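Below is the structure I would like to discuss, written out as structure tokens.
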């Protein structure tokens, strides 16, 4: 069994010991992390209307902070074909859209969050943060919590996919205007790309294309909108 788990960890390119506090904090700053944090907060408030705000926050923080590593570890142990998507759950960054979708599906992010809640409740109870009656309410209402989180994640995923489509559209437009040597319209598309990327989960495929556009755009602008670039300059811009 231990050998099998080690093999899965190696396949997923992640080590249980590397799920650190820094990674937890990094994850909570990602789009997916913020989505889960907000959904869990809202769900707990609905289940526990009689608790003061700080008590709800303390319970939520315990679930996320203490349950995070356990949830990730269980996901890695149980996921056979999860691949790099496991690391994406920790970092919030993915190579492509398919990888992000895999991370969210059954056996991925949702199961991770479910494990986070279970383990977080256990830790909160042991720490004296969670009264027995409150624990019972949360456990009996866990389906409500998970439904709220799932709906929020699905909504976020839909928004992200639309956003990625838009960025790719802007990149294609920029490339067309680049061929036409129309810097004014290139500039308009470039601004759209930069603005849209602020709200998106980092998808490596999209970021790579966006960075190529950014480097070429800055190069042409720095040369006084001169499109007479050498092949070496173009290749270098693609690699930076």
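Pairs of alpha-carbon atoms within less than 8 angstrom and 6+ residues apart define the contacts here; what relative contact order does region 139-240 have, in percent?
Details: 60 pairs, mean separation 24.7, N = 102.
The normalised contact order for region 139-240 reaches 24 percent.
Given the peptides 140-148, 166-174, arrange them by the average over their residues of other C-beta atoms within 10 Å, most packed first. Kindly include the intermediate steps, with their values, before the conclusion.
Working: 140-148: 15.3, 166-174: 18.1.
Ranked by mean Cβ neighbours within 10 Å, highest first: 166-174, 140-148.
A follow-up question, please. Based on the Cβ-Cβ distance from residue 144 to residue 191, what FRET efficiency comes out when R0 is 41 Å, to the nearest 0.05? Intermediate values should be presented prior to the final figure.
Numbers: r = 42 Å, r/R0 = 1.03.
Result of the calculation: an efficiency of 0.45.
Give me the distance between the Cα centres of region 156-185 and region 104-145, rounded to whole Å.
With region 156-185 and region 104-145 each reduced to a Cα centre, they are spaced 41 Å.
Please give the contour-minus-distance gain from residue 172 to residue 55: 0.36 nm per residue of separation, less the Cα-Cα distance, rounded to one decimal in nm. Intermediate results must be reported in sequence, preceding the final value.
Working: separation 117, 0.36 × 117 = 42.12 nm, distance 4.96 nm.
That works out to 37.2 nm of additional length.
Something else about it: In 5 Å bins starting at 0, how do the alpha-carbon pair distances of region 161-239 split up by percent?
Pair shares across the bins are 3, 16, 29, 25, 16, 8, 3, 0.
Moving on to the next point. If you stretched the chain out fully between residue 45 and residue 238, how much longer would it get, using 0.36 nm times the residue separation minus the C-alpha to C-alpha distance?
Once the chain is fully extended between residue 45 and residue 238, it gains 64.6 nm.
Using 7 Å Cα-to-Cβ label points, what is the residue 226/residue 65 separation (nm, one decimal)?
Inter-label distance under the simple model: 5.6 nm.
No value in this document is a laboratory result; all are computed from the given coordinates. The structure presented is a predicted model; accordingly, all values stated were derived computationally and were not measured. Here Cβ is always computed from backbone atoms with ideal geometry, including for glycine, and neighbour counts include all displayed protein chains.
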